[in-house]
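Input: a single structure, listed below in C-alpha coordinates.
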Amino acid sequence: DKEADDTNVSIGDTVTYTVTTRIPTYPSNATYKAFNVGDTMGTGLTWDGAEKLTVYWSDDGVVDEAVKGQVVTNSADHYSVKTGSETKKEGATFEVQFNYDNLIRDYSTAKYIHVVYTATINEDAFQEETESGITNTAYTGVHNDPYDNGSYDDDTQKIEEVFTYGITVNKVAENGTTPLTGAEFKLYSNATCQTEVKFNGSNGVYKYDAGQDAPSVALATDGSGQLKLQGLAYGTYYLKETKAPNGYALPGDVVTITITDSDKDGNLDVTTATGSMVVQEVGTYAIGEPGDDPLDNIFSFKVKNEKPDFTLPTTGGMGTVAFTIGGVILMACGAALVLFAVKKFKAEG
(Lines give C-alpha, C1' and ligand atoms only; values in the text may rest on other atoms or scores of the structure.)
Protein backbone atom coordinates (compact mmCIF):
# COMPACT_ATOMS: atom_id res chain seq x y z
CA ASP A 1 0.00 0.00 0.00
CA LYS A 2 1.07 3.58 -0.56
CA GLU A 3 -0.41 6.94 0.32
CA ALA A 4 0.25 10.67 0.49
CA ASP A 5 -0.65 12.66 3.59
CA ASP A 6 -2.21 15.53 1.59
CA THR A 7 -3.58 15.70 -1.94
CA ASN A 8 -4.26 19.46 -2.07
CA VAL A 9 -1.00 21.34 -2.41
CA SER A 10 0.72 24.51 -3.57
CA ILE A 11 4.18 24.90 -5.02
CA GLY A 12 6.67 24.68 -2.16
CA ASP A 13 4.51 22.42 0.01
CA THR A 14 6.00 19.27 1.51
CA VAL A 15 4.15 15.98 1.05
CA THR A 16 4.83 12.96 3.25
CA TYR A 17 4.56 9.57 1.57
CA THR A 18 4.22 6.19 3.24
CA VAL A 19 4.87 2.92 1.43
CA THR A 20 3.75 -0.18 3.32
CA THR A 21 4.79 -3.61 2.13
CA ARG A 22 4.87 -7.10 3.57
CA ILE A 23 8.30 -8.55 4.25
CA PRO A 24 8.89 -11.47 1.86
CA THR A 25 9.51 -14.95 3.23
CA TYR A 26 12.52 -16.73 1.79
CA PRO A 27 13.77 -20.25 2.63
CA SER A 28 16.80 -20.28 4.89
CA ASN A 29 18.91 -21.82 2.13
CA ALA A 30 17.74 -19.40 -0.57
CA THR A 31 20.43 -18.10 -2.89
CA TYR A 32 18.76 -14.81 -3.80
CA LYS A 33 16.86 -12.77 -1.21
CA ALA A 34 16.34 -9.29 -2.60
CA PHE A 35 14.00 -6.97 -0.73
CA ASN A 36 13.96 -3.42 -2.09
CA VAL A 37 11.50 -0.54 -1.81
CA GLY A 38 11.82 2.46 -4.09
CA ASP A 39 10.08 5.39 -5.71
CA THR A 40 10.19 6.97 -9.16
CA MET A 41 9.02 10.57 -8.86
CA GLY A 42 7.61 12.78 -11.60
CA THR A 43 9.07 16.14 -12.59
CA GLY A 44 6.76 18.04 -10.24
CA LEU A 45 8.32 16.49 -7.13
CA THR A 46 11.73 17.00 -5.56
CA TRP A 47 12.78 14.23 -3.18
CA ASP A 48 13.95 15.66 0.16
CA GLY A 49 16.75 13.12 0.54
CA ALA A 50 17.68 10.13 2.66
CA GLU A 51 17.96 12.25 5.79
CA LYS A 52 14.16 12.73 5.64
CA LEU A 53 13.50 8.99 5.21
CA THR A 54 12.56 6.67 8.08
CA VAL A 55 11.76 2.95 8.10
CA TYR A 56 9.33 1.47 10.63
CA TRP A 57 8.18 -2.09 11.21
CA SER A 58 4.91 -3.58 12.40
CA ASP A 59 3.19 -6.92 12.77
CA ASP A 60 -0.18 -5.81 11.37
CA GLY A 61 0.57 -3.34 8.57
CA VAL A 62 -0.97 -0.37 10.40
CA VAL A 63 0.99 2.83 10.95
CA ASP A 64 -0.01 4.33 14.30
CA GLU A 65 1.74 6.11 17.15
CA ALA A 66 3.01 2.82 18.55
CA VAL A 67 4.58 1.87 15.23
CA LYS A 68 6.37 5.22 15.06
CA GLY A 69 8.40 3.99 18.00
CA GLN A 70 9.40 0.85 16.10
CA VAL A 71 12.17 2.23 13.93
CA VAL A 72 14.41 0.00 11.85
CA THR A 73 17.96 1.11 12.53
CA ASN A 74 19.44 3.00 9.61
CA SER A 75 22.69 1.15 9.15
CA ALA A 76 24.29 -1.06 6.55
CA ASP A 77 23.32 -4.00 8.76
CA HIS A 78 19.64 -3.47 7.96
CA TYR A 79 19.32 -1.28 4.85
CA SER A 80 20.96 1.32 2.68
CA VAL A 81 19.45 4.05 0.50
CA LYS A 82 20.64 4.05 -3.10
CA THR A 83 20.22 6.57 -5.91
CA GLY A 84 21.23 6.89 -9.55
CA SER A 85 22.97 3.91 -11.11
CA GLU A 86 23.04 2.05 -7.75
CA THR A 87 19.29 1.35 -7.87
CA LYS A 88 18.15 -1.93 -9.41
CA LYS A 89 15.25 -0.15 -11.10
CA GLU A 90 16.36 2.14 -13.90
CA GLY A 91 15.26 5.73 -13.44
CA ALA A 92 14.29 5.34 -9.79
CA THR A 93 14.58 8.45 -7.64
CA PHE A 94 15.76 6.37 -4.71
CA GLU A 95 15.72 2.76 -3.55
CA VAL A 96 15.89 1.30 -0.04
CA GLN A 97 17.83 -1.97 -0.28
CA PHE A 98 17.32 -4.20 2.76
CA ASN A 99 19.72 -6.80 4.13
CA TYR A 100 17.11 -9.51 4.37
CA ASP A 101 18.90 -11.90 6.71
CA ASN A 102 19.81 -9.21 9.23
CA LEU A 103 16.36 -7.65 9.05
CA ILE A 104 14.49 -10.83 9.98
CA ARG A 105 17.13 -11.71 12.58
CA ASP A 106 16.90 -8.42 14.46
CA TYR A 107 13.18 -7.79 13.90
CA SER A 108 11.88 -11.33 14.13
CA THR A 109 8.27 -10.32 14.91
CA ALA A 110 8.04 -7.85 12.04
CA LYS A 111 5.71 -8.73 9.18
CA TYR A 112 5.48 -5.35 7.47
CA ILE A 113 7.85 -2.55 6.60
CA HIS A 114 6.74 1.10 6.34
CA VAL A 115 9.01 3.47 4.41
CA VAL A 116 8.15 7.10 5.19
CA TYR A 117 9.73 9.97 3.25
CA THR A 118 8.98 13.46 1.98
CA ALA A 119 9.06 15.38 -1.28
CA THR A 120 8.55 19.05 -2.12
CA ILE A 121 6.20 20.34 -4.83
CA ASN A 122 8.40 22.25 -7.28
CA GLU A 123 7.74 24.77 -10.04
CA ASP A 124 7.47 22.05 -12.68
CA ALA A 125 4.35 20.70 -10.98
CA PHE A 126 1.95 22.84 -12.97
CA GLN A 127 2.38 21.89 -16.62
CA GLU A 128 -0.89 22.84 -18.19
CA GLU A 129 0.21 22.33 -21.78
CA THR A 130 1.18 18.69 -21.29
CA GLU A 131 -1.34 17.97 -18.50
CA SER A 132 1.31 15.91 -16.74
CA GLY A 133 0.54 15.00 -13.18
CA ILE A 134 2.10 15.41 -9.80
CA THR A 135 2.50 11.72 -9.29
CA ASN A 136 5.06 9.12 -8.36
CA THR A 137 5.33 5.36 -8.54
CA ALA A 138 6.49 3.22 -5.64
CA TYR A 139 7.69 -0.33 -6.08
CA THR A 140 8.82 -3.38 -4.14
CA GLY A 141 11.54 -5.58 -5.62
CA VAL A 142 11.85 -9.27 -4.69
CA HIS A 143 13.00 -12.56 -6.17
CA ASN A 144 9.98 -14.64 -7.14
CA ASP A 145 12.26 -17.68 -7.34
CA PRO A 146 14.93 -17.43 -4.61
CA TYR A 147 17.18 -19.79 -6.58
CA ASP A 148 17.03 -17.84 -9.85
CA ASN A 149 18.56 -14.38 -9.99
CA GLY A 150 16.64 -13.69 -13.18
CA SER A 151 13.36 -13.94 -11.30
CA TYR A 152 13.83 -10.52 -9.70
CA ASP A 153 10.73 -8.38 -10.21
CA ASP A 154 9.68 -4.95 -9.00
CA ASP A 155 5.96 -4.60 -8.50
CA THR A 156 4.99 -1.00 -9.17
CA GLN A 157 2.19 0.76 -7.36
CA LYS A 158 1.21 4.29 -8.31
CA ILE A 159 1.04 6.44 -5.22
CA GLU A 160 -2.03 8.59 -4.67
CA GLU A 161 -1.80 11.66 -6.88
CA VAL A 162 -1.63 15.13 -5.44
CA PHE A 163 -3.22 18.04 -7.22
CA THR A 164 -2.63 21.72 -7.77
CA TYR A 165 -4.87 24.22 -9.49
CA GLY A 166 -4.76 27.39 -11.54
CA ILE A 167 -6.68 30.53 -12.42
CA THR A 168 -6.71 31.91 -15.95
CA VAL A 169 -7.98 35.39 -16.75
CA ASN A 170 -8.84 36.38 -20.32
CA LYS A 171 -9.44 40.02 -21.21
CA VAL A 172 -11.58 40.31 -24.34
CA ALA A 173 -13.59 43.02 -26.05
CA GLU A 174 -17.36 43.19 -26.20
CA ASN A 175 -17.56 40.74 -29.09
CA GLY A 176 -16.09 38.08 -26.82
CA THR A 177 -13.09 37.36 -29.03
CA THR A 178 -10.97 40.50 -29.45
CA PRO A 179 -8.39 40.59 -26.64
CA LEU A 180 -7.79 43.66 -24.50
CA THR A 181 -4.22 44.16 -23.33
CA GLY A 182 -2.71 46.28 -20.60
CA ALA A 183 -4.65 45.00 -17.60
CA GLU A 184 -2.95 44.18 -14.29
CA PHE A 185 -4.21 42.25 -11.29
CA LYS A 186 -3.31 41.08 -7.81
CA LEU A 187 -4.57 37.99 -6.02
CA TYR A 188 -5.32 37.91 -2.29
CA SER A 189 -6.17 35.21 0.21
CA ASN A 190 -8.44 37.37 2.38
CA ALA A 191 -11.58 39.36 1.61
CA THR A 192 -10.05 42.68 2.71
CA CYS A 193 -7.30 42.23 0.11
CA GLN A 194 -4.53 42.69 2.67
CA THR A 195 -2.77 39.34 2.33
CA GLU A 196 -1.32 39.17 -1.15
CA VAL A 197 -0.60 35.84 -2.79
CA LYS A 198 2.93 36.12 -4.23
CA PHE A 199 3.99 34.78 -7.61
CA ASN A 200 7.07 34.57 -9.79
CA GLY A 201 6.89 34.99 -13.54
CA SER A 202 6.29 37.37 -16.41
CA ASN A 203 4.53 37.75 -19.75
CA GLY A 204 1.17 36.54 -18.52
CA VAL A 205 2.36 33.34 -16.78
CA TYR A 206 2.98 33.39 -13.02
CA LYS A 207 3.70 30.52 -10.64
CA TYR A 208 2.94 30.48 -6.93
CA ASP A 209 6.02 31.46 -4.91
CA ALA A 210 6.96 28.58 -2.62
CA GLY A 211 8.20 30.71 0.29
CA GLN A 212 5.70 33.53 -0.23
CA ASP A 213 8.58 35.95 0.26
CA ALA A 214 8.88 37.13 -3.34
CA PRO A 215 8.50 40.87 -3.97
CA SER A 216 5.05 42.12 -4.88
CA VAL A 217 4.62 42.22 -8.65
CA ALA A 218 1.81 43.32 -10.92
CA LEU A 219 0.21 40.28 -12.53
CA ALA A 220 0.04 41.58 -16.08
CA THR A 221 -1.74 39.97 -18.99
CA ASP A 222 0.26 38.90 -22.03
CA GLY A 223 -0.04 40.25 -25.55
CA SER A 224 -3.20 38.25 -26.12
CA GLY A 225 -4.90 39.58 -22.99
CA GLN A 226 -4.42 36.37 -21.00
CA LEU A 227 -3.11 35.86 -17.47
CA LYS A 228 -2.30 32.44 -15.99
CA LEU A 229 -1.79 31.93 -12.25
CA GLN A 230 -0.44 28.47 -11.54
CA GLY A 231 0.41 26.17 -8.65
CA LEU A 232 -2.38 27.06 -6.22
CA ALA A 233 -4.09 24.87 -3.67
CA TYR A 234 -7.87 24.83 -3.72
CA GLY A 235 -9.61 27.38 -1.55
CA THR A 236 -11.01 30.90 -1.76
CA TYR A 237 -9.13 33.72 -3.48
CA TYR A 238 -9.88 37.36 -4.22
CA LEU A 239 -8.89 38.78 -7.59
CA LYS A 240 -8.50 42.56 -7.78
CA GLU A 241 -7.88 44.48 -10.97
CA THR A 242 -5.30 47.19 -10.29
CA LYS A 243 -4.90 48.60 -13.78
CA ALA A 244 -7.53 48.63 -16.50
CA PRO A 245 -6.87 48.65 -20.24
CA ASN A 246 -6.80 52.11 -21.81
CA GLY A 247 -10.30 53.53 -22.14
CA TYR A 248 -11.82 51.46 -19.35
CA ALA A 249 -12.47 52.23 -15.69
CA LEU A 250 -11.35 49.99 -12.85
CA PRO A 251 -14.15 47.92 -11.32
CA GLY A 252 -15.23 48.86 -7.83
CA ASP A 253 -15.41 45.27 -6.68
CA VAL A 254 -13.20 42.22 -6.43
CA VAL A 255 -14.05 38.80 -7.78
CA THR A 256 -14.31 36.09 -5.13
CA ILE A 257 -13.05 32.81 -6.55
CA THR A 258 -13.81 29.56 -4.75
CA ILE A 259 -12.11 26.38 -5.93
CA THR A 260 -13.31 23.24 -4.15
CA ASP A 261 -12.43 19.56 -4.35
CA SER A 262 -14.29 17.98 -1.43
CA ASP A 263 -13.20 14.43 -2.17
CA LYS A 264 -9.58 15.46 -2.84
CA ASP A 265 -9.66 13.24 -5.91
CA GLY A 266 -8.91 15.78 -8.62
CA ASN A 267 -12.58 16.15 -9.59
CA LEU A 268 -13.59 19.68 -8.75
CA ASP A 269 -16.92 20.54 -7.21
CA VAL A 270 -18.76 23.45 -8.81
CA THR A 271 -16.21 26.24 -8.72
CA THR A 272 -17.58 29.77 -8.52
CA ALA A 273 -16.70 33.40 -9.12
CA THR A 274 -18.99 35.79 -7.28
CA GLY A 275 -19.36 39.51 -6.66
CA SER A 276 -21.73 42.40 -7.26
CA MET A 277 -20.56 42.46 -10.88
CA VAL A 278 -22.03 39.07 -11.68
CA VAL A 279 -25.34 39.67 -13.47
CA GLN A 280 -26.18 36.68 -15.66
CA GLU A 281 -25.27 33.03 -16.01
CA VAL A 282 -24.94 32.06 -19.65
CA GLY A 283 -23.53 28.55 -19.60
CA THR A 284 -23.37 25.20 -17.87
CA TYR A 285 -20.81 23.44 -15.75
CA ALA A 286 -19.22 20.06 -16.39
CA ILE A 287 -16.27 18.16 -14.95
CA GLY A 288 -13.79 17.02 -17.56
CA GLU A 289 -12.67 13.50 -18.18
CA PRO A 290 -8.96 12.58 -18.26
CA GLY A 291 -7.42 13.76 -21.50
CA ASP A 292 -10.15 16.30 -22.31
CA ASP A 293 -9.27 19.73 -23.64
CA PRO A 294 -9.81 22.04 -20.64
CA LEU A 295 -11.85 24.40 -22.84
CA ASP A 296 -14.45 21.69 -23.45
CA ASN A 297 -15.81 22.14 -19.92
CA ILE A 298 -17.22 25.61 -19.35
CA PHE A 299 -19.13 27.53 -16.71
CA SER A 300 -19.79 31.03 -18.08
CA PHE A 301 -21.43 34.10 -16.62
CA LYS A 302 -21.51 37.82 -17.40
CA VAL A 303 -20.22 40.40 -14.96
CA LYS A 304 -20.88 44.12 -15.15
CA ASN A 305 -18.56 46.96 -14.21
CA GLU A 306 -19.76 49.97 -12.25
CA LYS A 307 -20.44 53.01 -14.42
CA PRO A 308 -17.69 55.61 -13.91
CA ASP A 309 -18.57 58.86 -12.12
CA PHE A 310 -16.71 60.95 -14.68
CA THR A 311 -16.38 61.30 -18.42
CA LEU A 312 -13.33 59.63 -19.85
CA PRO A 313 -11.22 61.91 -22.06
CA THR A 314 -11.07 59.17 -24.66
CA THR A 315 -13.42 56.32 -25.23
CA GLY A 316 -13.13 52.92 -26.69
CA GLY A 317 -16.82 52.24 -26.44
CA MET A 318 -18.11 49.35 -24.43
CA GLY A 319 -16.08 46.30 -23.68
CA THR A 320 -16.14 43.15 -21.67
CA VAL A 321 -13.76 41.14 -19.61
CA ALA A 322 -13.80 37.37 -19.74
CA PHE A 323 -12.56 35.62 -16.66
CA THR A 324 -11.49 32.03 -16.96
CA ILE A 325 -11.38 30.56 -13.51
CA GLY A 326 -9.98 27.11 -13.78
CA GLY A 327 -9.05 24.24 -11.62
CA VAL A 328 -6.53 22.67 -13.92
CA ILE A 329 -5.98 19.28 -12.36
CA LEU A 330 -2.57 17.72 -12.56
CA MET A 331 -2.74 13.98 -12.68
CA ALA A 332 -1.03 11.27 -14.56
CA CYS A 333 -3.88 11.31 -17.09
CA GLY A 334 -4.64 15.02 -16.72
CA ALA A 335 -8.30 15.61 -15.93
CA ALA A 336 -8.95 19.30 -16.51
CA LEU A 337 -11.53 21.93 -15.74
CA VAL A 338 -11.87 25.50 -16.90
CA LEU A 339 -14.52 27.98 -15.86
CA PHE A 340 -15.34 31.15 -17.74
CA ALA A 341 -16.84 34.40 -16.50
CA VAL A 342 -17.55 37.51 -18.53
CA LYS A 343 -17.39 40.98 -17.10
CA LYS A 344 -18.77 43.99 -18.98
CA PHE A 345 -17.05 47.35 -18.69
CA LYS A 346 -19.07 50.48 -19.63
CA ALA A 347 -17.63 53.95 -20.09
CA GLU A 348 -19.14 57.22 -21.21
CA GLY A 349 -17.29 58.93 -24.00
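Residues checked against (1) in a helix (DSSP H, G or I); (2) in contact with a helix residue (DSSP H, G or I) (Cβ under 6 Å, 6 or more places away or on another chain); (3) at pLDDT below 90:
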{"position": "Tyr17", "(1), (2), (3)": "no, no, no"}
{"position": "Thr31", "(1), (2), (3)": "no, no, no"}
{"position": "Thr40", "(1), (2), (3)": "no, no, no"}
{"position": "Thr43", "(1), (2), (3)": "no, no, yes"}
{"position": "Val55", "(1), (2), (3)": "no, no, no"}
{"position": "Val62", "(1), (2), (3)": "no, no, yes"}
{"position": "Val81", "(1), (2), (3)": "no, yes, no"}
{"position": "Lys89", "(1), (2), (3)": "no, no, no"}
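If you check Gly141, Gly176, Gly166, which single one turns out to be assigned to a strand (DSSP E or B) and modelled with pLDDT under 90? Even if it seems obvious, please write down each step before you answer.
On the way: Gly141 fails: modelled with pLDDT under 90; Gly176 fails: assigned to a strand (DSSP E or B).
Sole residue among the options that is assigned to a strand (DSSP E or B) and modelled with pLDDT under 90: Gly166.
Taking the conditions exactly as written (modelled with pLDDT under 90 and of a type in the set (Gly, Ala, Ser)), does Ala66 satisfy them or not? Walk me through how you get there before you give the answer.
Working: modelled with pLDDT under 90: yes; of a type in the set (Gly, Ala, Ser): yes.
When the stated conditions are applied, Ala66 passes them.
For the range 57-84, which positions are of a type outside the set (A, V, I, L, M, F, W, C) and more than 29 Å from the chain's Cα centre (by Cα)? Can you show your working first?
Going residue by residue through the range 57-84, those that are of a type outside the set (A, V, I, L, M, F, W, C) are 58-61, 64-65, 68-70, 73-75, 77-80, 82-84.
Ser58, Asp59, Asp60, Gly69, Gln70, Thr73, Asn74, Ser75, Asp77, His78, Tyr79, Ser80, listed by residue number.
Which one is nearest to Thr120 (Cα to Cα), of the residues in the range 200-237 that are among the acidic types (Asp, Glu) and out of contact with any strand residue (DSSP E or B) (no Cβ under 7 Å at 6 or more places or on another chain)? Explain how you work it out, then say what you get.
Kept after step one, since they are among the acidic types (Asp, Glu), are these residues of the range 200-237: 209, 213, 222.
After this cut, where a residue has to be out of contact with any strand residue (DSSP E or B) (no Cβ under 7 Å at 6 or more places or on another chain) as well, the list is 213, 222.
Numbers: Asp213: 17, Asp222: 29 Å.
Ranking the candidates gives Asp213 first.
Which number in (1) touching a residue at least 24 places away in the same chain (Cβ under 8 Å); (2) of a type in the set (S, T, N, Q); (3) part of a loop (DSSP other than H, G, I, E, B) marks the one condition that Thr25 misses?
Here Thr25 meets the rest and fails (1).
Which condition number does Thr109 fail, the rest of (1) in a loop (DSSP other than H, G, I, E, B); (2) in contact (Cβ under 8 Å) with a residue 40 or more places away in the chain; (3) under 30 Å from the mean Cα position of the chain (by Cα) being met?
(3)
Can you pull out every residue in the range 65-83 that is acidic (Asp, Glu) and surrounded by fewer than 11 Cβ atoms within 10 Å (Cβ to Cβ)? Can you show your working first?
Residues of the range 65-83 that are acidic (Asp, Glu), as a first pass: 65, 77.
Residue satisfying the conditions is Glu65 alone.
Out of the range 18-41, which residues are over 10 Å from Ile113 (Cα atoms) and hydrophobic (A, V, I, L, M, F, W, C)?
Matches in the range 18-41: Ala30, Ala34, Phe35, Met41.
Kindly indicate whether Val37 is in the same structural domain as Ser151 (by TED's automatic domain parsing), surrounded by fewer than 17 Cβ atoms within 10 Å (Cβ to Cβ), among the hydrophobic types (A, V, I, L, M, F, W, C) and out of contact with any His (no Cβ under 9 Å at 6 or more places or on another chain). Reasoning before the result, please.
Numbers: in the same structural domain as Ser151 (by TED's automatic domain parsing): yes; surrounded by fewer than 17 Cβ atoms within 10 Å (Cβ to Cβ): no; among the hydrophobic types (A, V, I, L, M, F, W, C): yes; out of contact with any His (no Cβ under 9 Å at 6 or more places or on another chain): yes.
Answer is no for this residue.
The values are calculated or read from the model by the stated rules, or taken from the named source; none is laboratory data. Here the structure is a predicted model, which is why all the values come from computation and not from measurement. We place every Cβ from the backbone using ideal geometry, glycine too, and count neighbours over all the protein chains shown.
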